[in-house]
Amino acid sequence: MPRTDKEIQKVKAEFYKIRQFPNVIGCIDGSHVPIQSPGGENAEIFRNRKGYFSVNIQAVCDANLVIRDIVARWPGSTHDSTMFNLSRLCASLEAHEFQGVSYLLGDSAYSCKEYLLTPLLNPSTEAENKYNIAHIQTRNTIERTFGVWKRRFACLSLGLRTKIETSLEIIVAT
């Protein structure tokens, strides 16, 4: 994550160019990497809501599709908001470690917080619709980041057939 004032301002400026959404330091989401069944008594916690075994990873990207923060250690059944709430990044944001007003943009899987903005579920005014459009088009960077990453490293979309510990290292290394 950007830490210096100069770096934070640069990241915010790049995000602002997309759709004039101010003070964004990153877009966050989770993504599943398929794995083979790890076996053992805890294997089922790796089965995700779509029915296959996976590792759920959390990533934050910048406007240039660079992954700025990644956590790869959660079983596929773990919800995105749980991963975030238990992350070091959440603790850093709670402690106001980023200079000035800084936001992450996340989808509706996350709870809206003073530092994590989500789309409005039922926008009823023109201003709310404009907010949602700007939010969605800016947050799209994380979806594109996952797409580029998984196309570049096809094993992340086709699935890993290694031990869990090795799979986690492969995910972060890519």
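Suppose each label sits 7 Å from its Cα in the direction of the beta carbon; what would the residue 126-residue 73 distance come out to in nanometres?
Modelled inter-label distance: 4.9 nm.
Summing -39500 (n - 2.57) over the DSSP H runs of n ≥ 4 in the chain and dividing by its residue number, what mean residue ellipticity at 222 nm do you reach, to the nearest 500 deg cm²/dmol?
Computed ellipticity for the chain at 222 nm equals -12000 deg cm²/dmol.
Report the percentage of all Cα-Cα pairs in region 46-121 whose separation exceeds 15 Å, rounded to a whole percent.
60 percent
Please state the relative contact order of region 71-171 as a whole percent: Cα pairs under 8 Å, 6+ residues apart?
Dividing the mean separation by the residue count of region 71-171 yields 18 percent.
Considering lysine pairs in the chain that are 8 or more places apart or on different chains, how many have Cα atoms under 21 Å apart?
Taking the chain as the scope, the lysine pair count is 7.
What FRET efficiency comes out for residue 36 versus residue 153 if R0 is 22 angstrom and r is the Cβ-Cβ distance? Round to the nearest 0.05.
Efficiency, rounded to the nearest 0.05: 0.80.
What angle do you read, to the nearest 10 degrees and between 0 and 90, between the alpha-carbon axis of helix 164-173 and the longest principal axis of the chain?
Roughly 40 degrees, rounded to the nearest 10.
Out of [x] 10.5; [y] 9.2; [z] 12.4, which label holds the value of mean projected area of the Cα convex hull in nm² that was computed here?
[x]
Considering only DSSP beta bridges whose two residues both sit in the chain, what percent are antiparallel, to the nearest 5?
Counting DSSP beta bridges with both partners in the chain, the antiparallel share is about 75 percent.
Taking the 0 to 90 degree range and rounding to the nearest ten, how far is the long axis of helix 126-152 tilted relative to the main principal axis of the chain, both from C-alpha atoms?
Taking Cα atoms only, the helix is inclined about 40 degrees.
Return one number: the angle in degrees, 0 to 90 and rounded to the nearest 10, between the long axis of the Cα atoms of helix 5-19 and the longest principal axis of the Cα atoms of the chain.
Computed tilt is about 90 degrees.
Each value in this text was obtained by applying a stated rule to the coordinates, not by laboratory testing. Being a predicted model, the structure only gives us computed values, none of them experimental. Heads up, the Cβs are rebuilt from the backbone with ideal geometry, glycines too, and the neighbour counts pull from every protein chain shown.
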